[in-house]
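Below is one structure; the comments refer to it alone.
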Amino acid sequence: MAAMAGKWLLGTGMALLAGCASQATEQTAAERFDCAALNRAITSAETGFEDIKGRLETTSLTRTWQTDTQAFHDACVITASRRPDHYLCFGSLATEDPRGALLAGGEALGQCLGEGWRSARTAPDRLEFTRQDSEPVVVLESFLNDRGRRMGTLGVFRNASDAAPLSDDG
């Protein structure tokens, strides 16, 4: 009887540890995104991001402005190349289920955006968030990098036509 109770306690302890481990690896909206910074970027879309643009760097292919408004992994810029100026961030979409990374990220992003926003899956690895009577569009995309890690891009665009996938975006 004591051996059986010991096995039961060991099994219960392992289940509790497994539950804690899975909770520790799942990120909340606040851990994944800086919601205040995201809202600043969305508000700034109305002015072409002028109020959050920093130092400009120009190449033959792009214009990129640094920004202090960092909503996702402190890797955000305002950029323009084949699209008008838009806010763009890159970062890891770490999750226990790499196939569910976009959905987990989208759920956190939805919490960050709040009520009034609706999401639509516009491609297998792309979610678009819009709200009625509002121009800015927020896009979350996922992809595998060259090391096989699930990564994400978070974009804020001035309107739906700016956010539309380009013909060769994959």
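Between Asp68 and Asn39, the simple spin-label model (points 7 angstrom out along Cα→Cβ) gives 1.9 nm. Protection proxy ranking for 126-139, 59-72, using the average of other Cβ atoms within 10 Å per residue and placing the highest first: 126-139, 59-72. Inter-part distance, the range 47-91 to the range 133-170, computed on C-alpha centroids, equals 14 Å. Remark: the Phe143-Ala75 segment gains 22.9 nm on full extension, using 0.36 nm per residue and subtracting the alpha carbon distance.
In a fully extended conformation the segment linking Asp133 and Arg118 would gain 4.2 nm over its present Cα-Cα distance, using 0.36 nm per residue.
Model label sites at Phe90 and Thr58, defined 7 Å from Cα along the beta-carbon direction, differ in position by 2.3 nm.
None of the figures in this text is laboratory data; all of them are computed from the coordinates on show. Bear in mind the structure is a predicted one, so any value in this text is a computation, not a measurement. Neighbour counts are summed over all protein chains in view; Cβ atoms, including those assigned to glycine, are modelled from backbone coordinates with ideal geometry.
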